[in-house]
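Trainee: A single structure is presented below for examination.
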Amino acid sequence: MKSVIQEETSGCGIASVANILGKTYPEMKAIANAMGIFAEDESLWSDTQYVRRLLTTAGVEVSTDEIPFESWSALPDQALLSIKHHQEGGKNFWHWVVFKRVNGKEVVLDSASYLPSNTRTDFDEMSPKWFIEVKNS
């Protein structure tokens, strides 16, 4: 399973949606831009509405709420995860990644360009705070 790599610092949301929809980063960026969603907008790091809009517009059903992370085994077969939580100026920020369980194998597709491998199984190194279930894609 190959991960889409984000081409902009704040492009993890766009790349994560591309990973779910099977699109390239440039394809997903063009779709997002046409919807008024731009990677340069730092609110992509702190608001879930953008990724939700991109997915629901493509016909993908997602959970209506953010669900607190309890364990990797408790995750649904596909989810958007928020990791690397931090605050800046009293506002929450995070990095988007995609969790997938395929034929019993669990992986995280992480779009960060600095990683040696973007298909991750180093679950102890990630600390998800919550997730959005991706119900169909």
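Trainee: Can you work out the FRET efficiency for the pair residue 67 and residue 38, with r the C-beta to C-beta distance and R0 = 25 Å, to the nearest 0.05?
Mentor: On the way: r = 27 Å, r/R0 = 1.10.
Result of the calculation: an efficiency of 0.35.
Trainee: Between residue 48 and residues 5 or more places away or on another chain, which pairs have amide H atoms under 5 Å apart, with H built 1.01 Å from N, and which residues are they?
Mentor: Residues meeting the amide H criterion: none.
Trainee: Calculate the length of the line joining the C-alpha centroid of the stretch 96-119 to that of the stretch 42-81, in whole Å.
Mentor: Cα centroid to Cα centroid, the span is 15 Å.
Trainee: Further, regarding this structure: Sum -39500 (n - 2.57) across every DSSP H segment of at least 4 residues in the chain, then divide by the residue count to get the 222 nm mean residue ellipticity, nearest 500.
Mentor: -6000 deg cm²/dmol
Trainee: For labels at residue 49 and residue 30 in the simple 7 Å Cα→Cβ model, what's the distance in nm?
Mentor: Label-label distance for residue 49 and residue 30, simple model: 2.7 nm.
Trainee: Residues with beta-carbon under 14 Å from that of residue 10, excluding residue 10: net charge, scoring Lys, Arg +1 and Asp, Glu -1? Could you put the intermediate results ahead of the total?
Mentor: On the way: positive: 29, 84, 91; negative: 7, 8, 40, 41, 42, 47, 88.
Residues near residue 10 contribute -4 overall.
Trainee: What is the fewest-to-most order of 123, 131 by other Cβ atoms lying within 10 Å of their Cβ? Could you put the intermediate results ahead of the total?
Mentor: Values: 123 14, 131 24.
Result, fewest neighbours first: 123, 131.
Trainee: Here's another thing I want to ask about it. Report Rg(Cα)/(2.2 N^0.38 Å) for the stretch 12-133, keeping two decimals. Provide the component values of the computation, followed by the final result.
Mentor: Details: Rg = 13.7 Å, N = 122, 2.2 N^0.38 = 13.7 Å.
Scaled against compact globular proteins, the figure is 1.01.
Trainee: What percentages make up the Cα-Cα pair-distance distribution of the stretch 14-59 when the bins are 5 Å wide from 0?
Mentor: Reading upward from the zero bin: 5, 24, 39, 25, 7, 0.
Trainee: So how far apart, in nm, are the two label points at residue 92 and residue 74 if each is 7 Å from Cα heading toward Cβ?
Mentor: 1.6 nm
Trainee: Just to check I understand the Karplus step: with θ = phi - 60° and J = 6.51 cos²θ - 1.76 cosθ + 1.60, what whole-Hz values come out for the stretch 109-116, glycine and proline as x?
Mentor: Residue by residue, the stretch 109-116 yields 8, 10, 7, 4, 6, 7, 6, x Hz.
Trainee: So, one more: Rounded, prolate or oblate: which one fits the stretch 39-80, using the alpha carbon gyration tensor with axes a ≥ b ≥ c (rounded when a/c is under 1.5, else prolate when a/b beats b/c, else oblate)? Provide the component values of the computation, followed by the final result.
Mentor: Numbers: a/c = 2.53, a/b = 1.46, b/c = 1.74.
Cα axes put the stretch 39-80 in the oblate bin.
Trainee: Volume per residue, Å³, of the convex hull around the alpha-carbon atoms of the stretch 75-137?
Mentor: Values: hull volume 6.6 nm³, N = 63.
So the per-residue hull volume is 105 Å³.
Trainee: Given the Cα-Cα distance of residue 135 and residue 113 and 0.36 nm per residue of separation, how much length would full extension add, in nm? The partial results should precede the final answer.
Mentor: Numbers: separation 22, 0.36 × 22 = 7.92 nm, distance 2.72 nm.
That works out to 5.2 nm of additional length.
Trainee: Relative contact order of the chain: what whole-number percent is it, with Cα pairs under 8 angstrom and at least 6 residues apart?
Mentor: On the way: 246 pairs, mean separation 42.7, N = 137.
RCO, the chain: 31 percent.
Trainee: Give 105/135; 91/135; 23/100; 23/129; 29/105; 2/100 a once-over and call out the pairs whose C-alpha atoms are over 23 Å from each other. Kindly include the intermediate steps, with their values, before the conclusion.
Mentor: Working: 105/135 18 Å; 91/135 28 Å; 23/100 16 Å; 23/129 26 Å; 29/105 29 Å; 2/100 12 Å.
Long pairs (Cα-Cα over 23 Å): 91/135; 23/129; 29/105.
Values quoted throughout were computed directly from the atomic coordinates according to the rules given, and no laboratory measurement underlies them. Nothing here was measured: the structure is a model prediction, and the numbers come from that model. Backbone-built Cβ (ideal geometry, glycine too); neighbour counts: all protein chains shown.
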